[in-house]
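Note sheet for the following structure.
The values are calculated or read from the model by the stated rules, or taken from the named source; none is laboratory data. None of these values were measured; they are calculated from a predicted model. Cβ placement follows ideal geometry from the backbone for every residue including glycine, while neighbour counts extend to all protein chains displayed.
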Ligand SMILES: *Cc1c(COP(=O)(O)O)cnc(C)c1O
C-alpha cells in the first residue's frame with residue numbers, strides 16, 4: 001500500500017484519510033446530489049403543524065424526514081456518498097463507527113448499491129440498533145467501552161483492510177446528499193423565513209444553509225442541548241477543540257469533537273445558534289407525542305424546543321422544523337413521557 005490508507009494530518013481532532021476531500025460542497029453540488037438521491041429515496045412530506053402554528057401564531061411546517069427508510073434524514077447522505085464511490089472501494093467496502101442513524105444510513109446505502117459495510121459500535125451497544133444494522137446486511141463489530149473506543153478500533157481496521165472509512169461529517173458527498181431535504185423545501189415553500197435545525201456533527205444544518213439559506217435567504221438556526229454544547233462552543237468561540245461535557249440523553253446531537261468541514265460552512269451559514277435544556281428536550285418529545293402522535297428523537301426535540309423558546313420573536317413567520325428522526329428507544333420514550341411536565 002502506498003500510504004493512501006494511512007491517516008493524514010487532520011484540520012480537527014478527528015481522523016481523516018488521504019481520500020477525504022475536504023473541499024466544501026456548494027449549492028450546485030446539492031442540486032447534482034438531488035438527481036441521485038431521488039432515484040433511490042422518496043421526497044418527504046412537508047406538513048403544516050396545526051398545534052405548533054396555533055401556539056406560536058406562526059406558520060410552522062414539519063419536514064417529515066422520519067418517513068424515509070431507516071427513519072432519519074442521514075440516509076440521503078449515505079446514498080449520495082455510496083453512489084459516487086471510487087471503484088477501488090466498491091469491493092473493499094465501507095467502514096464506519098456509529099451506533100445510531102449514521103450507521104443505519106451507511107448500511108442502507110451499502111445494501112442499495114451492493115457495497116459491503118462494516119460498522120463499529122461499543123460493546124454494550126443497544127441490541128435493537130445492532131439488529132437493525134445487521135438486518136440491512138452490515139457486519140457489526142462490537143468493541144470497547146464507548147463510541148471513541150469503537151471508532152479507534154474501526155480506524156485501524158480501515159487501514160488493515162484498505163476499506164473506505166466513512167467520516168460522519170467531513171465528507172462533501174454526504175453533506176450534498178443531506179442538503180437535498182432543503183431543496184425539497186425550496187420547491188414547496190419558497191417563502192420560508194426560518195429553519196430550526198438540530199446540530200450534532202452539523203451535516204443537516206449545512207444542508208439547510210446551502211439550500212434554504214443560500215437560495216431563499218431564510219435564517220437557519222442551529223440548536224444543541226446545553227448538556228452537550230461542543231458545536232455551539234465551536235461556533236461562538238471560533239475553535240475546533242474537543243469539549244469535555246457531553247451529557248445529553250439525545251444521542252443524535254451528542255457531539256464531543258467539532259468537525260472542520262461542517263463548521264467551516266456553518267460559520268457564515270447559520271444565522272444563530274441556540275441551546276435548550278434537557279427538560280426542554282423531554283417536553284418537546286412529550287408534546288409531539290401528545291399533540292401530534294409523532295415519535296421524535298430527543299435530537300429533533302431540540303429544534304421544537306428552540307422554536308417554542310423563540311415565542312413572539314417568530315410570530316407571523318413561516319418556520320420549518322425538520323423531524324430529523326424517529327428512532328427513540330422504548331425505555332427512553334417511556335422515561336421522557338413520565339418525567340415531562342407536558343401537558344402541564
Ligand atoms: C444525526 C442526527 C441529528 C444531527 O444531525 P447532524 O447532521 O449530525 O448535525 C439530528 N437528529 C437526528 C435524529 C439525527 O440522527
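Report whether or not residue 319 is touching a residue at least 12 places away in the same chain (Cβ under 8 Å), crowded, with 24+ Cβ neighbours inside 10 Å, away from the ligand (no atom under 16 Å from the Cβ) and assigned by TED's automatic domain parsing to the domain that holds residue 218.
For residue 319, the condition - touching a residue at least 12 places away in the same chain (Cβ under 8 Å), crowded, with 24+ Cβ neighbours inside 10 Å, away from the ligand (no atom under 16 Å from the Cβ) and assigned by TED's automatic domain parsing to the domain that holds residue 218 - is met.
Having 1 or more residues that are surrounded by 23 or more Cβ atoms within 10 Å (Cβ to Cβ) and either touching a strand residue (DSSP E or B) at 6+ places or on another chain (Cβ under 7 Å) or at pLDDT 95 or above (or both) is the bar; report the helices (runs of 4 or more DSSP H) wholly within the stretch 16-112 that clear it.
Ranges flagged: 27-40, 75-83.
How many residues does the stretch 5-15 hold that are free of Cβ contacts under 8 Å to residues at least 40 places away in the same chain and out of contact with any strand residue (DSSP E or B) (no Cβ under 7 Å at 6 or more places or on another chain)?
The total comes to 1.
Identify all residues within the stretch 285-296 that are without any contact (Cβ under 8 Å) to a residue 60 or more places away in the chain and within 16 Å of the ligand (Cβ to nearest atom); write none if there are none.
Within the stretch 285-296, 285, 288, 289 meet the criteria.
Checking residue 292 against (1) surrounded by fewer than 20 Cβ atoms within 10 Å (Cβ to Cβ); (2) in contact with a helix residue (DSSP H, G or I) (Cβ under 9 Å, 6 or more places away or on another chain); (3) at pLDDT below 95, which test does it fail?
Failing condition for residue 292: (3).
Taking only the stretch 113-149 into account, find how many residues are in a helix (DSSP H, G or I) and over 23 Å from residue 5 (Cβ atoms).
Qualifying residue count for the region: 9.
Listed here are the residues, each with its yes/no results for (1) part of a helix (DSSP H, G or I); (2) over 30 Å from residue 17 (Cβ atoms); (3) without any contact (Cβ under 8 Å) to a residue 12 or more places away in the chain; (4) away from the ligand (no atom under 11 Å from the Cβ).
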residue	(1), (2), (3), (4)
273	no, no, no, yes
281	yes, yes, no, yes
306	yes, yes, no, yes
334	yes, yes, yes, yes
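Condition first: under 21 Å from residue 211 (Cβ atoms), surrounded by 16 or more Cβ atoms within 10 Å (Cβ to Cβ) and out of contact with any strand residue (DSSP E or B) (no Cβ under 9 Å at 6 or more places or on another chain). Can you find one or more residues in the stretch 241-250 that meet it?
Taking every residue of the stretch 241-250 in turn, none turns out to be under 21 Å from residue 211 (Cβ atoms), surrounded by 16 or more Cβ atoms within 10 Å (Cβ to Cβ) and out of contact with any strand residue (DSSP E or B) (no Cβ under 9 Å at 6 or more places or on another chain).
Tell me, please, whether a residue that is more than 15 Å from the ligand (Cβ to nearest atom), farther than 20 Å from residue 155 by Cβ and free of Cβ contacts under 8 Å to residues at least 12 places away in the same chain can be found in the stretch 82-90.
yes
Determine, yes or no, whether residue 151 is at pLDDT below 95 and more than 13 Å from the ligand (Cβ to nearest atom).
yes
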